[in-house]
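Data block below; observations after.
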């Protein structure tokens, strides 16, 4: 066996491991540095829940849900624009980037299915289930990327979901507001501050 080949193979293995580690850290830092998407969704959901709460309790408007489709549609459009801009800036597409794109798309579809069915059949549990699912998204993202504020936000969402099963529909809107503050706005501002 040629000692030169052994040194080159060893060097290549070490370099490969370093490259993989660097790519993973790059993907983590990309999410850590950009809290923008969390802020977009946090403010849109907080606005929609506050608007519906006001329309139910103060204005007594029959179509109190009207803000949700408008603001969530805006959120989808803003997310697509943001994702396209990020993909243009991203030089390397890592497995973490791919996982996060599929994971959050899956969470979004699941939330749409759950809300679409529960809101008309059993609206008393729709928001608690949505909060619990969102907690899973925040907790998993925080764990994968080692972002403590998202892990804590996910856990707080689960606690809020447990409590909100015992609240009236109107008060569940406050619970949704608290959950996006915990899992979107606080982590989003922390990540932006680090950037």
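The values are calculated or read from the model by the stated rules, or taken from the named source; none is laboratory data. None of these values were measured; they are calculated from a predicted model. Note: ideal-geometry Cβ built from the backbone for every residue, glycine included; neighbour counts use all protein chains shown.
Things worth noting here:
- Hits in the range 138-159 (condition: assigned to a helix (DSSP H, G or I) and over 17 Å from residue 175 (Cα atoms)): 139, 140, 141, 142, 143, 144, 145, 148, 149, 150, 151
- Where residue 97 falls short, out of the listed (1) closer than 22 Å to residue 189 by Cα; (2) at pLDDT 85 or above; (3) in contact with a helix residue (DSSP H, G or I) (Cβ under 6 Å, 6 or more places away or on another chain): (2)
- Test: residue in the range 109-132 that is in contact with a helix residue (DSSP H, G or I) (Cβ under 6 Å, 6 or more places away or on another chain), in a helix (DSSP H, G or I) and under 14 Å from residue 38 (Cβ atoms): no
- Lone qualifier among 41, 68 - being modelled with pLDDT of 75 or more and more than 19 Å from residue 189 (Cβ to Cβ): 68
- The set of residues in the range 71-82 that are loosely packed, with under 14 Cβ neighbours inside 10 Å and either over 25 Å from residue 123 (Cβ atoms) or modelled with pLDDT of 95 or more (or both) comprises 77, 80, 81.
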